[in-house]
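In what follows, a structure is listed as structure tokens, so that the remarks can point back to it.
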Amino acid sequence: MAYEVRLFATLREGRGRVVMVEAAGAPTPAGLLARIGVPREEVAILLVNGRDGAMDAPLVPGDYLSVFPPVGGG
């Protein structure tokens, strides 16, 4: 099963805007993000299907992630 991971801001650098990640069983957001090289500490907001999500909650087919880094600025 392929899961859609939507990346925002600096997380897109070198990865793209949308990444499709193949995974079997019931993967977790943390597992999918690790497969595409996004460390947990770089994630400030995680949405699953547009709602607040947990890094270790199992996903079901059809779920998609939206991932945002911390906001920086001066």
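The values are calculated or read from the model by the stated rules, or taken from the named source; none is laboratory data. What you see is a predicted model, and the numbers here were worked out from it, not measured in a lab. Reconstructed Cβ throughout: ideal geometry from the backbone, glycine too, with neighbour counts over all protein chains shown. For the accessible areas, the whole protein counts, side chains as well, though only heavy atoms, and no ligand, DNA or RNA atoms are used. Shrake-Rupley method; radii C 1.70, N 1.55, O 1.52, S 1.80 Å.
Remarks
- The stretch 1-29, residues that are open to solvent by 20 Å² or more (accessible area, probe 1.4 Å) and of a type in the set (Gly, Ala, Ser): Ala2, Ala9, Gly14, Gly16, Ala24, Gly25, Ala26
- Tally of residues being surrounded by fewer than 11 Cβ atoms within 10 Å (Cβ to Cβ) and not basic (Lys, Arg) across the stretch 38-68: 7
- Restricting the search to strands (runs of 3 or more DSSP E) fully inside the chain and requiring at least 1 residues that are among the acidic types (Asp, Glu) gives 2-7, 18-22.
- The set of residues in the stretch 2-60 that are among the aromatic types (Phe, Trp, Tyr) and touching a Leu at 6+ places or on another chain (Cβ under 7 Å) contains only Tyr3.
- Out of Gly31, Gly37, Gly50, sole residue that is within 20 Å of Ala2 (Cβ to Cβ), at pLDDT 95 or above and touching a Phe, Trp or Tyr at 6+ places or on another chain (Cβ under 9 Å): Gly50
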